[in-house]
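Below is one structure; the comments refer to it alone.
Read-outs throughout are calculated quantities, based only on the coordinates presented, and are distinct from any laboratory measurement. Because the structure is a prediction, the values reported are computed rather than measured. Glycine gets a Cβ as well: all are built from the backbone with ideal geometry, and neighbour counts include every protein chain shown.
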Amino acid sequence: MSRRTFLVSTLASILVLASMGIVYQQAAASDDVTAEQLVAEALHRGLYGLQSDRDRLLAEAVSVDPHYPPARWHQGFVRVGAGWSHVYDAPGIIGTSSTLASYRKQRAEREDTLEDHLQLAEWCGSRRMPDQQRAHLSRVLDFDPNHADAREQLGFRLANGQWVHTSELQRQAEQQASRQESLEDWRPQMLNLRKDLSHPNLETRIRAAARIRSITSPTAIPALEELISPHSQAASMIVLEAIARMPEQDAVNSLIRHAVFSPWPEVRDEASLLLKKVPCERFVPILLAEMYTPVESQAALTPDNGRLVYQHAFAREGKDQRQVLLLNSIYRRRMIPGVDASETLSRAVADSFATAAQLQQSAQQQNATTRLLNERISRVLNLATQQNLPANPQTWWQWWDQQNDVVIQGQKQTQQQRLTRQVVVQDQTRSSVVSDGFQSDASPRPQRGECFVAGTPVWTGSGIKPIESIQVGDVVLSQDIETGELAYKPVLRATIRPMEHLIKIRVGNETFETSGGHLFWVAEEGWTRVRDLESGATLHAIEGNVSVTAVESGSEAQTYNLVVADFNTYVVGDCKLLSHDVTDRRPTQAIVPGYVAY
């Protein structure tokens, strides 16, 4: 950057800060200033390194409303019962000292097995330790993802053969209702605009296009997609112009849908190129999750204790899961005295062959759809990420893991569904299906790896502990990126990554060594890999920002990480730095945890 450019940028920042100060002073002079306004201003000041202003404004927010949670969270307080406790006062956060000591004793006496975690979950439940109960039930699912009792206690329900949490079912229902409401709200206006787009008068068409381009509300997206985009290729292009200016994730999702499903290749390519301007983590994982390998099938017909059993297995692989469908037809003869059994057997065999042919045809149709979808997604990814990779799901999955320095440990989870058909084949009569049964099984999930070296201090409900000592059931300090909420959350899993070369960063008087793909929150930029950090980068800590003073090559060592419930974050070091756990990061528009500015 030239000296002139630097001076201009600095002057612009000073003018912005000055105008912010005027706005705040005007707000402060009003009796209507709210805690929400003060917190927003505090977080904005913090982005510019004005720590004293940040602290003062948060204190004023608390004085305006002592119970306004965001003000407390950003001061480093967590909710404890009906009151607030500073993170320094964390010991005892999950129960009395005697209860916690008893829990640790119980945990130390148990093995890392399904049965022992079930027993620990029951023990914690009887002593009102819900976080620990949840952690051990979650560990049960690592051994048996289809464990019905654990699933139900954790709030999951079976929906179309898949375990889905009740909160997710509610979210989906609310999302669908909201989409339908938005569609109906915008329908009259969109129908008029669609009509005007086909008007014989050129000026009318131009005005309609301009009105569509001027739409800024994401609530219009369902109507734009359903009523305007299908109208014509030109209309779709106009819709893309409007959506591309919206910062919300709903707009990114709409670009993805246009890029993959539009009937016009030109529209698909334009949407893909618009995605190039979007951070990869906001669209790549969504696309990769829709790629699957072709369905493979295998069939067998075997006798079993006087019955004929036809088995047909179908399997395909997704990014994080292997899906298996087992279809069993069990043929049982209903005998009529004096009738030749061979004829009945022949009909059963013929039925099994017909079933096999029909299922195989369905698999081929599914594979044709899968190939087309993979090709479309691959083109979107190549255009948006400037790669040149084939339409092969495994190739793209490996590329993304390499981009994030992720090492997958263990096998992919296998979601297995079993459908059983009981068929009674009566002598000299047609066969009939008398019952159907469904069962679902799954194998342990794989573990990713983006980790800290041993000795990294982690803030827990019982004080600061080295990361390698933290176990399932411990609670760690965590922050929600969307709301800024600060809370202690249970550790659901602890992971270990093999020896590798690490990166060392210096923050104040502390040093952290991590794998290159580990994520810290950079102010205004969001989650950033360690290998992409530079000296001078501003990292988010729960009581303000801290600066990276050096980025260096580190040692070779084994590393450790956690899976933290709900927020997927935890706090490390004396500076209370916010770190992501080992799970995938989720898209967000926040520039500071709890603060979104468009």
Legend entry - Percentage relative contact order, region 452-580, counting C-alpha pairs under 8 Å, at least six apart: 32 percent
Inset, instruction - Round to the nearest 10 and give me the degree value, 0 to 90, for the angle of helix 114-126's Cα axis relative to the longest principal axis of the chain. - result: 60 degrees
Legend entry - Full-extension gain in nm, Q189 to E482, via 0.36 nm per residue minus C-alpha separation: 102.2 nm
Inset, instruction - In nm, give the distance between the simple-model label positions of L326 and R257, each being 7 Å from the Cα along the Cα-to-Cβ direction. - result: 3.8 nm
Inset, instruction - Determine, from the Cβ-Cβ distance of L373 and R213 and an R0 of 30 Å, the FRET efficiency 1/(1 + (r/R0)^6), rounded to the nearest 0.05. - result: 0.50
Inset, instruction - Label region 452-580 by shape, choosing from rounded, prolate and oblate, from the square roots a ≥ b ≥ c of the eigenvalues of the Cα gyration tensor; if a/c is under 1.5 it is rounded, and otherwise prolate applies when a/b is larger than b/c, oblate when it is not. - result: oblate
Inset, instruction - Grab the Cα-Cα distance for R506 and H86, subtract it from 0.36 nm times how many residues apart they are, and report the gain in nm with one decimal. - result: 148.6 nm
Inset, instruction - Please list the non-local residues whose amide H lies under 5 Å from the amide H of T460, H modeled 1.01 Å from N, same-chain partners needing a gap of 5 or more. - result: K465, L477
Inset, instruction - Counting helices only, and only those DSSP H runs with n ≥ 4, report the 222 nm mean residue ellipticity of the chain as the sum of -39,500 (n - 2.57) divided by its residues, in deg cm²/dmol to the nearest 500. - result: -13500 deg cm²/dmol
Inset, instruction - Using the Karplus curve 6.51 cos²θ - 1.76 cosθ + 1.60 with θ = phi - 60°, work out ³J(HN,Hα) for each residue of region 139-148 in order, rounded to whole Hz, and write x for Gly and Pro. - result: 5, 4, 5, 5, 7, 9, x, 9, 5, 4
Inset, instruction - Label region 118-274 by shape, choosing from rounded, prolate and oblate, from the square roots a ≥ b ≥ c of the eigenvalues of the Cα gyration tensor; if a/c is under 1.5 it is rounded, and otherwise prolate applies when a/b is larger than b/c, oblate when it is not. - result: prolate
Inset, instruction - Would you please give the FRET efficiency between H199 and E266, computed as 1/(1 + (r/R0)^6) with r the Cβ-Cβ distance and R0 = 25 Å, to the nearest 0.05? - result: 0.60
Inset, instruction - May I ask you to compute the full-extension gain from F353 to Q387, defined as 0.36 nm times their residue separation minus their alpha-carbon distance, rounded to one decimal in nm? - result: 7.7 nm
Inset, instruction - Describe numerically, in nm with one decimal, the distance between label points set 7 Å from Cα along Cα→Cβ at K277 and at D250. - result: 2.0 nm
Legend entry - Whole-Hz ³J(HN,Hα) from phi, Karplus 6.51 cos²θ - 1.76 cosθ + 1.60, for region 548-565, glycine and proline x: 7, 9, 6, 10, 9, 5, x, 8, 9, 7, 6, 10, 9, 8, 10, 10, 10, 5
Inset, instruction - Please check which bits of region 278-298 a label hung off E168 would reach, taking the label as a point 7 Å along Cα-to-C-beta and the cut-off as backbone N under 11 Å. - result: none
Inset, instruction - Go through (1) 197; (2) 222; (3) 351 and flag the label whose value is the computed volume of the Cα convex hull per residue in Å³ for this structure. - result: (2)
